[in-house]
Amino acid sequence: MQSKIWRGLSDFDFHKTRDKILSKNKFDNISSKKQLSFQKVFKLFLISWICPGPKSTSMKKVITEFIGTFFLVMGAALGGGLGAALALMVMIYAGGHISGAHYNPAVSLAVWIRGKSSLGDMLGYWMSQLAGGILAALVVANIFGVEGEGTCIIPDDETIRGIAAEMLGTFALAYVVLNVATAKGTAGNSFYGIAIAGTVLAMATVIGKFSGGAYNPAVAVGLSIQKTFCWSQIWIYLFGAFAGAAVAAFVFKFNNPDDN
């Protein structure tokens, strides 16, 4: 019985299966307008892991997003705003040419609204970014032994202020990303990593005290697992980040109507 199963697996051509899915989904082009279902994204993710090949460019992108987000969240947990900014800067230069170096679900949303990413790309990035953030939190808490107390940073009577801080910080971050990394007028520049990381550091320094300065759902989830943040306030970080990024994308489109 086992030999029959083994012969069946041996006869199965994983590479042909992978290529068939890839040819249907067109997922290897980050600017593709084709929208993929969650199931197809998951199939692509799974097949590419089983049988990586020359066409698995989308797997390279999600792996890059995973690595970048991992070090970003680790930097935030161990080094605060400065650690996050420095980790983000070096990871942007390391992975920008592969995935665009979002490392942030809110930034991925802004890039999708701006029209430089498909829905399938965005969903794949989200899964990879969250996985990287979760793993980073577990490494920080269980290997390095650095764990918060799980207390809420935002006082109960300052919820609006916390939401405003997260929205403004993420707006600034997404707005800078769209202008220095996706706009025609700044194409080919070499300062995008410094500009994006500088925005994170500036926002963390100026308004981070009002919310903790996540500006990133993956960072918020990771720091909640690591207990720097509390789970009861996770909605503030998610709402603030996605809302701020969406507004930034619409402002960019309004200011740059011919930049498609």
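We did not get these values from a lab; they are worked out from the coordinates using the rules stated. No experiment lies behind these values; they were computed from the predicted model shown. We place every Cβ from the backbone using ideal geometry, glycine too, and count neighbours over all the protein chains shown.
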Which order results if Leu178, Leu138 are arranged by neighbouring Cβ count within 10 Å, fewest first? Leu138, Leu178
What length, rounded to one decimal in nm, is gained on full extension from Leu78 through to Val251, with 0.36 nm per residue of separation minus their alpha-carbon distance? 58.9 nm
Cβ crowding within 10 Å averaged over residues, with 109-117, 128-136 ranked highest first: 128-136, 109-117
In the stretch 57-255, lysine pairs with alpha-carbon atoms under 26 angstrom apart (chain gap of 8 or more, or interchain): 9
With bins of 5 Å, the percent of all Cα-Cα pairs of the stretch 57-255 per bin from 0 is 1, 9, 17, 23, 22, 15, 8, 3, 1, 0
Highest to lowest packing among 152-159, 90-97, scored as the average C-beta count within 10 Å: 90-97, 152-159
What does the charge count around Ile225 come to, taking other residues whose C-beta lies under 14 Å from its C-beta (Lys +1, Arg +1, Asp -1, Glu -1)? -1
Lys and Arg at +1, Asp and Glu at -1: neighbours of Asn104 with Cβ under 13 Å from its Cβ sum to -2
